[in-house]
Amino acid sequence: MKICNQIYKQIKKYNKIVIARHIGADPDALGSTLGLKETILCTFPKKQVYTVGSPAQRHKYIGELDKFTDDMYENSLLIVLDTPNMQRIDGVDVNRFKAKIKIDHHPFVEKFADIEWIDDTASSASQLVIELIKNTKLKINQSGASKLYIGLVGDTNRFLYNYTSAKTFELVSYLIKKTNINFTSLYPNMYMRTLDELRFQSYIINNINVTENGFGYIKLEQDILDKFNIDASTATNVVNSLNYINEMYAWAIFAYDKINNNIRGSIRSRGPVINEVAANYNGGGHILASGVRIENFDIVDNIIKDLDEVCSEYKKNNG
């Protein structure tokens with residue numbers, strides 16, 4: 001693929017490479033960036049390669065991040081993964097880098113890189129990194145492959161979502177054959193839960209609001225998070241456990257994030273298009289899986305109203 005060769009040439013050219021991703025990192029954001037870092041170092045051991053952004057305690061098992069320093073801007077290449085627009089990039093100023101590459105599987109929002117590879121039919125950013133490896137001279141080891149596998153499984157929810165394609169399975173098969181990773185051993189870290197988290201899930205089920213149009217939502221203040229000893233990231237991640245509830249077409253969890261002093265929202269759907277609403281509130285994502293970061297719960301009420309209207313339209317046309 002021409003685009004893969006262009007990316008490979010830039011990676012080969014620069015001795016200093018910074019890899020970034022979106023705020024509120026999930027397994028795909030972390031797996032793709034950390035997996036790409038290991039791939040580059042496996043191919044070019046003498047390069048300086050850094051993965052940056054705020055750490056995600058819930059997903060620390062995937063790997064360690066690097067602390068960003070200003071000297072990383074100097075004569076370096078920035079590779080941004082899993083992020084469609086500059087506003088959602090975590091921890092760096094895009095414009096201060098010598099060269100920039102974007103690799104993303106979200107619908108196009110804005111151009112900010114010199115080379116942009118956008119494939120919104122791909123299941124995940126991790127899938128695109130695997131494809132990049134397959135189509136270039138980049139090398140991959142078991143550790144890097146494990147991170148990429150975790151990222152891909154995380155964004156497909158174990159291949160349940162409709163972004164999973166024949167190409168997804170082909171690339172996973174390539175990854176396993178190439179590195180012989182023990183992929184079944186990776187699942188316990190991904191799905192292990194504490195009793196507090198399970199009790200919190202019960203709280204969500206018992207307290208979620210469901211409108212007559214089929215939109216489910218819950219707003220979580222800090223006192224609720226403290227009661228169950230969890231953070232905003234863990235709280236909003238429960239959104240992925242609410243699939244297949246007959247009464248809901250779409251659903252969202254909004255939780256106060258005391259570290260960033262804002263509201264973190266995760267939105268999911270099994271029909272209504274939700275990413276357009278998220279984009280109106282400086283968020284984004286896929287048509288069935290999106291996220292937002294907003295200032296206060298008053299704005300959350302506006303988002304809830306808009307998402308309820310989307311569900312209403314969907315219900316009229318598909319009910």
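Only the coordinates and a few stated rules stand behind these numbers; no lab work does. These figures come from a predicted structure and were not determined experimentally. Don't worry about glycine lacking a Cβ; one is built from the backbone with ideal geometry, like all the others, and counts go over all protein chains shown.
Since only Ile299, Val109, Leu195 are under comparison, the one whose Cα sits farthest along the positive direction of the charge dipole of the chain, derived from C-beta charges on Lys, Arg, Asp and Glu, is Val109. Charge tally around Lys147: other residues with Cβ under 15 Å, Lys/Arg +1 each, Asp/Glu -1 each, net -2. Which of the three applies to segment 85-139, rounded, prolate or oblate, going by the alpha-carbon gyration tensor with a ≥ b ≥ c and a/c under 1.5 meaning rounded? Oblate, since a/c reaches 1.5 and b/c is not below a/b.
When a/c is below 1.5 the answer is rounded, else prolate if a/b is larger than b/c, else oblate, so apply that to segment 195-318 with a ≥ b ≥ c taken from the square roots of the Cα gyration tensor eigenvalues. It is oblate, given that a/c is not under 1.5 and a/b is not larger than b/c.
Placing +1 on the Cβ of every Lys and Arg and -1 on the Cβ of every Asp and Glu, with no other charges, gives the chain a dipole of roughly 1660 debye about its Cα centre. Placing a pseudo-label 7 Å from each Cα along the Cα-to-Cβ vector at Arg193 and Asn317 gives an inter-label distance of 3.3 nm. Dipole magnitude for segment 195-318: computed about the Cα centre from +1 point charges on Lys and Arg Cβ and -1 point charges on Asp and Glu Cβ, it is near 300 debye. Classify segment 79-212: rounded, prolate or oblate, from the alpha-carbon gyration tensor (a ≥ b ≥ c, eigenvalue square roots; a/c under 1.5 rounded; otherwise prolate if a/b is larger than b/c)? In terms of gyration-tensor shape, oblate.
Bridge orientation summary for segment 2-190: considering DSSP beta bridges with both residues in this region, about 5 percent are antiparallel.
Helices meeting the span-like rule in the chain (full DSSP H runs, Cα extent of at least 15 Å along the helix axis, mean Kyte-Doolittle score of -1.0 or higher): 2-13, 27-43, 142-156, 166-179, 195-207, 297-318.
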